[in-house]
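Enquirer: There's a structure below that I have some questions on.
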Amino acid sequence: MITFQIIIGILVVLAIADLIVGVSNDAVNFLNSAVGSKAASFRTMLIIASIGVAVGTLFSNGMMQIARNGIFQPEFFTFDKVMIIFLAVMLTDVILLDVYNTLGLPTSTTVSLIFELLGASFTVGVLYLIDQHQPVSGLSNVINHRGALIIIGGIFFSVLVAFVVGSSVHFFARLIFTFKLKRSLRALGPVFTGISVTVIFYFLLIKGLEGSTLVGAEEIKWVSSHTLELLSASLVLFSLITAVAMRFSRFNPLRIIVLLGTFSLAMAFAGNDLVNFIGVSVAAYSSYSAWSASGVSPDQFNMGVLNEQVSTPSLFLLGAGVIMVLTLWLSAKSRKVTETEVSLGRQSEGDEKFQSSALSRWLVGGVLFVGNHTVRHLPEDWKQNLTNRLKKPVGKKRKADDPSFDLLRASVNLIVSSALIAYGTSNRLPLSTTFVTFMVAMGSSFADQAWGRESAVYRVSGVIQVISGWLATALVAFVGSALVGLILYFTEFPGVVVISIFTFGLLAYSQIQFKRTEKSKAADDLTTIGQTSITSIMQNGKLKAAENVKQVQRLLAISFKSLLLEESSQLKEQKRQMKNLASDNKKMSDKIIKYIRNVEPKDLQAGRLNLQVFDVLQDLYQSADLIADICREHVMNYHSRPSKSFENIMVELENKSTFYFSVVEQAIKQMDFNDQEKEMGTYADLREFIADCLDDQVREIQQGEISNRLALVQTRILLEMTDVIETSHQLYQLYQAFSSSYKNEILLATSV
């Protein structure tokens, strides 16, 4: 008894953890349109979504049965075997969803739950059949094959339908309204609002009331029989209200549509997807209650009781709602998942989260070919009209707080998603809210020409990776749950304890690493759109440049030390850090054009400085990286140590270069170039020292005092160090020249 009480306790904790990681991933379903269009402040969006989540948990529509008997036949199992299935599912689900959250990729909690139930029940079922000396062919009595296939087929078919419908509806919406929304909304706003709110209202009725635990069967029946009258009244009423509001105020109806749609999707998410997070634990609690009251041995108690319809206790639903709302407000990972979808659908150019792939290039090339071929056969007046109506505004500088797309696209996303999910529910077709909302958003962004020639391959690649992640979810969920079920079946309670500790430890480690990564990313992101003044350029750019000079000096010292001491361990870490520096530089370079675009026209020199600085830094990394490669290759292949004379040269070279790097670093960091003679003297002395060392190397080679391999290594190090010193001097000169042109701004920047 105590053992199973502990297991129930573990399942309760896992349910809480699953709520947190699940909501962090699924928040994208109802937040992305509001966040991407900036329909309101983020605080207002969270308040509306929180209310929707809270209401949705209380109006749960009875979907909890899927965890009880939707995938497996419970009457086949005894109590102890069912508890293994439930534990395997929850342990796998928590880890799987957290991995997706950390990667910032949306996935379907419904798919993960279904395939975890399939994997665990399959493994436990096979093992149980073997223990009972029954043929494995009896597995057909374990899995609910028909129900599982219908659910899986409906979910994946919705991907194609959502994209096609989303792109088609938004294409015609944009054709009607164009990008000049202020003008078109005056004439069409009231009717569009009436239709949109009515669709969402229908969604709330279908999704919110069907199977509700707080609304009686009679009320639901009345709503169903009067649906047409209610929707007609809604259409007329909201159209009139909008017309009056727009006539006497600067009322924007699209903002209301987006916020109402956010509420409805949040409500539907909580009411329908709650089973994905707590359904298994609730089913386990029901199983435990039935078994503990029976007085029968756990390996003899049949679980046919799970086929009975049981209402979930309101206290469980209320507690789940509180946790979900808190997660919305506190989870940084939920915002990262939202950022992925918003970035894939944003209207403007910018940093692309995903790299191109062969498949994305092939798809984009195919679409361009078909599109160009089709356009050639259209009448000229059609092409001209389409071009005029779909022409995007140009010439406006983008700011940091500009929305990723406009309110029309956000409204279409929510309306189409609501309609598709409502249709699926009314016809008892299983749909994944994640799949539908994501693919509708991608379809509307495609129709809005957000995937232009400059970004199409990257956006398509991102969509492919997300969809691939969905397919991987199914496979990993099945295999992972099956493996955990296998371990628990043979290890029993000790295995439960060990795997539970491992799971919670992994979650804690994931959270710590995520915070470190995000903190590091924030610290490195020095070229944000909003930083356009000379002061901000100097304050951030100089620190980045000075820090990189210091880093290169430190990494060169490691290379020299490793070569002299013949130690390769530090060289591997040095190579990794050098790659990080180069990667950071590439990210910064990718942002330079966006940065320069927002610099005032009078500050052309500031824009030129940024281009030149990051180009020089790239040369600096390459030279330092070559020196590291030379040292690493020599040490790892166990070649002879450098000659004694060259060891002395390297020690003195390191001392001289370290001093020179410190001079350059401090001058740039403090923007103080008054002591130019010191820099020039140190630079000239270092150049002369390297030249003398090269002459010595030539003499030794001519006299045959060193081998060919050592001669090559030693001369290459000296030559690359010449490039490093030259590049550092060039960096110094760039900032020195810039500082003389902007003395007042430099004083302000250095005082910050």
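Enquirer: Is it true that some residue in region 243-252 is of a type outside the set (A, V, I, L, M), closer than 26 Å to Thr437 by Cα, in a helix (DSSP H, G or I) and modelled with pLDDT of 80 or more? Steps first, please.
Expert: Initially, region 243-252 is screened for residues of a type outside the set (A, V, I, L, M), giving 247-252.
Still in the list and also closer than 26 Å to Thr437 by Cα: 252.
Then keep just the ones that are in a helix (DSSP H, G or I); that gives none.
Checked against the condition, which is being of a type outside the set (A, V, I, L, M), closer than 26 Å to Thr437 by Cα, in a helix (DSSP H, G or I) and modelled with pLDDT of 80 or more, region 243-252 yields no hits at all.
Enquirer: Identify all residues within region 90-133 that are among the acidic types (Asp, Glu) and touching a helix residue (DSSP H, G or I) at 6+ places or on another chain (Cβ under 8 Å); write none if there are none.
Expert: Applying the first criterion (among the acidic types (Asp, Glu)) to region 90-133 yields 93, 98, 116, 131.
If the condition is that a residue be among the acidic types (Asp, Glu) and touching a helix residue (DSSP H, G or I) at 6+ places or on another chain (Cβ under 8 Å), then Asp93, Asp98, Glu116 are the ones that fit.
Enquirer: Being more than 23 Å from the chain's Cα centre (by Cα) and either at pLDDT 80 or above or part of a helix (DSSP H, G or I) (or both) narrows it down to one of Leu11, Leu31, Leu46, so name that one. Please lay out each step first, then the result.
Expert: Working: Leu31 fails: more than 23 Å from the chain's Cα centre (by Cα); Leu46 fails: more than 23 Å from the chain's Cα centre (by Cα).
Answer to the selection: Leu11.
Enquirer: Out of curiosity, is Ser112 within 15 Å of Ala477 (Cβ to Cβ) and not charged (D, E, K, R)? Walk me through it before giving the result.
Expert: Numbers: within 15 Å of Ala477 (Cβ to Cβ): yes; not charged (D, E, K, R): yes.
Answer is yes for this residue.
Enquirer: I would also like to ask the following. With respect to the numbered conditions (1) closer than 26 Å to Ile10 by Cα; (2) crowded, with 24+ Cβ neighbours inside 10 Å, which one is the sole condition not fulfilled by Leu127?
Expert: (2)
Enquirer: If you don't mind, there's one more thing I want to ask. Can you confirm whether region 605-615 contains a residue that is modelled with pLDDT under 70 and of a type outside the set (A, V, I, L, M, F, W, C)? Write out each step before concluding.
Expert: Here is the first cut: in region 605-615, the ones modelled with pLDDT under 70 are 605-607.
Checking which are of a type outside the set (A, V, I, L, M, F, W, C) leaves us with 605, 607.
Yes, the conditions are met somewhere in region 605-615.
Enquirer: If you check Gln697 against the conditions, is it closer than 18 Å to Phe560 by Cα and touching a Pro at 6+ places or on another chain (Cβ under 7 Å)? Full working, then the answer.
Expert: Details: closer than 18 Å to Phe560 by Cα: yes; touching a Pro at 6+ places or on another chain (Cβ under 7 Å): no.
When the stated conditions are applied, Gln697 does not pass them.
Enquirer: Let me ask you something else. Out of all the residues in region 155-178, is one or more closer than 30 Å to Phe251 by Cα and not in a helix (DSSP H, G or I)?
Expert: Pass one, region 155-178, residues closer than 30 Å to Phe251 by Cα: 165-178.
Imposing the further condition that a residue be not in a helix (DSSP H, G or I) reduces the set to 178.
Scanning region 155-178 turns up at least one residue that is closer than 30 Å to Phe251 by Cα and not in a helix (DSSP H, G or I).
Enquirer: Let me ask something else about it. When you check Arg376 against the structure, is it surrounded by 12 or more Cβ atoms within 10 Å (Cβ to Cβ) and either charged (D, E, K, R) or at pLDDT below 70 (or both), yes or no? Walk me through how you get there before you give the answer.
Expert: Values: surrounded by 12 or more Cβ atoms within 10 Å (Cβ to Cβ): no; either charged (D, E, K, R) or at pLDDT below 70 (or both): yes.
So Arg376 does not fit the description; no.
Enquirer: Identify all residues within region 233-253 that are in contact with a Gly (Cβ under 8 Å, 6 or more places away or on another chain) and closer than 21 Å to Leu31 by Cβ; write none if there are none.
Expert: Pro253 - this is the single residue of region 233-253 that is in contact with a Gly (Cβ under 8 Å, 6 or more places away or on another chain) and closer than 21 Å to Leu31 by Cβ.
Enquirer: Let me ask another. Do we find a residue being under 21 Å from Ile717 (Cα atoms) and more than 44 Å from the chain's Cα centre (by Cα) anywhere in region 654-663?
Expert: Scanning region 654-663 turns up at least one residue that is under 21 Å from Ile717 (Cα atoms) and more than 44 Å from the chain's Cα centre (by Cα).
Enquirer: Kindly list the number of the only condition in (1) at pLDDT 80 or above; (2) touching a Lys or Arg at 6+ places or on another chain (Cβ under 7 Å) that fails for Ser24.
Expert: The number of the failed condition is (1).
Enquirer: If you go through region 111-124 one residue at a time, how many are within 15 Å of Ala15 (Cα to Cα) and surrounded by fewer than 24 Cβ atoms within 10 Å (Cβ to Cβ)?
Expert: Result for region 111-124: 0.
Enquirer: Quick one: which residue in Glu654, Glu665, Glu705, Glu633 is surrounded by 12 or more Cβ atoms within 10 Å (Cβ to Cβ), part of a helix (DSSP H, G or I), modelled with pLDDT under 85 and touching a helix residue (DSSP H, G or I) at 6+ places or on another chain (Cβ under 9 Å)?
Expert: Numbers: Glu654 fails: modelled with pLDDT under 85; Glu665 fails: modelled with pLDDT under 85; Glu705 fails: part of a helix (DSSP H, G or I).
Being surrounded by 12 or more Cβ atoms within 10 Å (Cβ to Cβ), part of a helix (DSSP H, G or I), modelled with pLDDT under 85 and touching a helix residue (DSSP H, G or I) at 6+ places or on another chain (Cβ under 9 Å) holds for just one of Glu654, Glu665, Glu705, Glu633, which is Glu633.
Enquirer: If Gly62 satisfies every condition in (1) modelled with pLDDT of 75 or more; (2) outside any helix (DSSP H, G or I) but one, which is the exception?
Expert: Failed condition: (1).
Enquirer: If you don't mind, another one. Just give me the residues in region 112-142 being part of a helix (DSSP H, G or I) and at pLDDT below 80, in sequence order. If you could, list the steps in order and put the result at the bottom.
Expert: Step one: filter region 112-142 for residues part of a helix (DSSP H, G or I), giving 112-131, 136-141.
Across region 112-142, the qualifying residues are Val136, Ser137, Gly138, Leu139, Ser140, Asn141.
The values are calculated or read from the model by the stated rules, or taken from the named source; none is laboratory data. Given the structure is predicted, the values throughout are model-derived calculations rather than measurements. Please note: Cβ atoms are built from the backbone with ideal geometry, for glycine as well, and neighbour counts cover all protein chains shown.
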